[in-house]
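Can you read through this structure? Questions will come right after.
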Amino acid sequence: MPSVKIPKKSTAVDMTPFVDVAFLILTFFIMATKFKPAEPVEVTTPNSVSTKDIPESDALQVTFDKEGRVFFHIKPEKDISIKLNVIKNLNTTRNLGLTDAEMMNFVKTEAIGVPYSGLKQLLSLPVENQGSLRQPGIPVDSTGGELLFWIRDATSAFAGKSLKYYIKGDNNAKYPTFKGVLNAFKKNDILKFNLITMLEDVPSGTELSAIRGRDKK
Amino acid sequence: MASIDEGGGDSHKKGPGVKKAKKLSTRVDMTPMVDLGFLLITFFIFTTTMSSPTTMDLFMPKDTDKDEEQNKAKESGALTLLLGKNDVIYYYEGQLKEDASNFLTSSFGKIRQVIIDKKKAVIAAHVHDEGCKKIQEKARLGDPTRGIKPDPNWQKACLDKDLVVVIKPDDEATYKNTIDILDEMAINDVKRYAMVDLFPVEKELIKKTEGN
């Protein structure tokens, strides 16, 4: 019996196009990725139909999380001396007894979420280890609390520069926290804020969608 | 596999004594490279944040005790929204009645219709007066410094000038609720709205309604 010979076919597949596509996608993601700066608090911001981008400028940001802990950020574009002035000023007016090294540490710290009494403990830690310390949040109440003084000091340090005020809150934060933050700003005669939100589609058939459609034309 | 043409094979014979150079395969095993590529893709997909955050402007009025500086709202054009807990909205039009008969309950899904209806009612009751001309003029010219475009429908700009929405978030309302309702103002093009604290009467009413 002559055996039927089955021709052996190679199982190797040409992978070149596959690799091409894979690296194309890879390149896209590398380009499109913007790394989130490390933040001490996890905050899920609400959505809004507002399409304004966050302007890149000097800013004070107040963040509050779902437990109502309030954090304060100073975001100078490049000039670190402003941040240093803020803490130096605070150190003398509040008798915090900070060392120079601790004040330099403040400049590197992303956000402050402790009352004045806890500031020394926070700043004595190196920046990398600050995450391990649970920050209770800056005290805020209907009269503004300590946040009021943080805002006042920082605003005076920025005197003569245009400054934006960002408020970033968590979806599940309760309204009194937000009100306390607003009060702290209001007491400083700051009445214009930028609330940080995520983009959401405008519901169709509403007045805003009509206006947006008209503006596009 | 990826390969490069290795020449014409055995088409031209070399002379005797000439050693054949050993032909090395140029094929490379690409599997590890593909593995690595996909590993990186996965990493970037997970870490990437596509939507960048946007900002919403909020202008607060200055607190004032002087009566004459306070903004007066016409009763007919006022709509008060009270944000309670568990995403419930209570609302009433005009003044709250003594017997609270106009104190109604709604939700975030339904409140848009309430606002739209109120706006329509205000527009229907509109009376043209002196103050209107200013508003029309403002809308016709726009405000390029603040990025406000001239409104082609400027004649209609003042129809809803009496509409004022008063937003009163309860202590139990979340930040999301507050933003959502501010967003609702933008969506329905409500030009005048204010965020105010609750009156004690309203607090009690909310408590009572929640109890039922």
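The values are calculated or read from the model by the stated rules, or taken from the named source; none is laboratory data. The shown structure was predicted, so the numbers you read here are calculated from the model rather than taken from an experiment. Glycine also receives a Cβ, built like all others from the backbone with ideal geometry; neighbour counts cover every protein chain displayed.
In the set A:Ile80, A:Ile6, A:Ile87, A:Ile74, which member is more than 14 Å from every other protein chain (Cβ to nearest Cβ) and touching a residue at least 40 places away in the same chain (Cβ under 8 Å)?
Going through A:Ile80, A:Ile6, A:Ile87, A:Ile74 in turn, the sole match is A:Ile74.
Still on this structure: Evaluate the following for A:Glu67: is it within 30 Å of A:Arg212 (Cα to Cα), more than 9 Å from chain B (Cβ to nearest Cβ) and assigned to a loop (DSSP other than H, G, I, E, B)?
Judged against the criteria, A:Glu67 is not a match.
Would you be able to say whether some residue in region B:133-141 is surrounded by fewer than 14 Cβ atoms within 10 Å (Cβ to Cβ) and within 13 Å of another protein chain (Cβ to nearest Cβ)?
No; the residues of region B:133-141 include none that is surrounded by fewer than 14 Cβ atoms within 10 Å (Cβ to Cβ) and within 13 Å of another protein chain (Cβ to nearest Cβ).
Any residue in region B:200-207 that is within 12 Å of chain A (Cβ to nearest Cβ) and crowded, with 16+ Cβ neighbours inside 10 Å?
no
Another question about this same structure. Could you please find all residues in region A:160-182 being of a type in the set (S, T, N, Q) and more than 9 Å from chain B (Cβ to nearest Cβ)?
Across region A:160-182, the qualifying residue is only A:Ser162.
Let me ask another. Quick test of your reading of the structure: B:Glu68 fulfils all but one of (1) surrounded by 12 or more Cβ atoms within 10 Å (Cβ to Cβ); (2) modelled with pLDDT under 80; (3) part of a helix (DSSP H, G or I). Name the failing condition by number.
Among (1) surrounded by 12 or more Cβ atoms within 10 Å (Cβ to Cβ); (2) modelled with pLDDT under 80; (3) part of a helix (DSSP H, G or I), B:Glu68 violates only (1).
Among the residues of region B:6-49 satisfying the criterion of being assigned to a loop (DSSP other than H, G, I, E, B) and within 8 Å of chain A (Cβ to nearest Cβ), which is modelled with the lowest pLDDT?
Looking at residues that are assigned to a loop (DSSP other than H, G, I, E, B) and within 8 Å of chain A (Cβ to nearest Cβ), I get B:Thr49.
Another question, if that's okay. If A:Val127 satisfies all but one of (1) surrounded by fewer than 20 Cβ atoms within 10 Å (Cβ to Cβ); (2) more than 23 Å from A:Ile82 (Cβ to Cβ); (3) within 19 Å of the chain's Cα centre (by Cα), what's the number of the condition it fails?
Status for A:Val127: all satisfied but (2).
If a residue must be in a helix (DSSP H, G or I) and closer than 23 Å to B:Pro61 by Cα, how many such residues does region A:169-217 contain?
Final tally of qualifying residues: 13.
Can you pull out the residues in region A:60-78 that are under 21 Å from A:Ile151 (Cβ atoms) and modelled with pLDDT under 80?
Scanning region A:60-78 gives A:Lys75, A:Pro76, A:Glu77.
Here are some conditions: (1) of a type outside the set (S, T, N, Q); (2) modelled with pLDDT under 80; (3) loosely packed, with under 15 Cβ neighbours inside 10 Å; (4) in a helix (DSSP H, G or I). A:Phe18 meets all but one. Which one does it not meet?
(2)
Return yes or no: is A:Gly68 touching a residue at least 12 places away in the same chain (Cβ under 8 Å), closer than 28 Å to A:Pro176 by Cβ and surrounded by fewer than 20 Cβ atoms within 10 Å (Cβ to Cβ)?
Taking the combined requirement at face value, the residue satisfies it.
Looking for something of a type in the set (Gly, Ala, Ser), within 14 Å of another protein chain (Cβ to nearest Cβ), crowded, with 19+ Cβ neighbours inside 10 Å and within 17 Å of the chain's Cα centre (by Cα) - is there at least one such residue anywhere in region B:181-189?
Looking for residues that are of a type in the set (Gly, Ala, Ser), within 14 Å of another protein chain (Cβ to nearest Cβ), crowded, with 19+ Cβ neighbours inside 10 Å and within 17 Å of the chain's Cα centre (by Cα), one finds at least one in region B:181-189, hence yes.
Identify, please: which residue in region A:105-124 is touching a helix residue (DSSP H, G or I) at 6+ places or on another chain (Cβ under 9 Å) and of a type in the set (S, T, N, Q) and is, among those, farthest from A:Ile82 (Cα to Cα)?
In this case the residue turns out to be A:Ser124.
A:Asp153 versus (1) more than 14 Å from chain B (Cβ to nearest Cβ); (2) over 19 Å from the mean Cα position of the chain (by Cα); (3) among the acidic types (Asp, Glu); (4) surrounded by fewer than 17 Cβ atoms within 10 Å (Cβ to Cβ): which is the lone unmet condition?
(4) is the only condition that A:Asp153 fails.
Quick check: is even one residue across region A:200-212 within 12 Å of chain B (Cβ to nearest Cβ), basic (Lys, Arg) and without any contact (Cβ under 8 Å) to a residue 12 or more places away in the chain?
yes
Taking region B:105-123 only, how many residues are more than 17 Å from B:Pro169 (Cβ to Cβ), without any contact (Cβ under 8 Å) to a residue 24 or more places away in the chain and not in a loop (DSSP other than H, G, I, E, B)?
4
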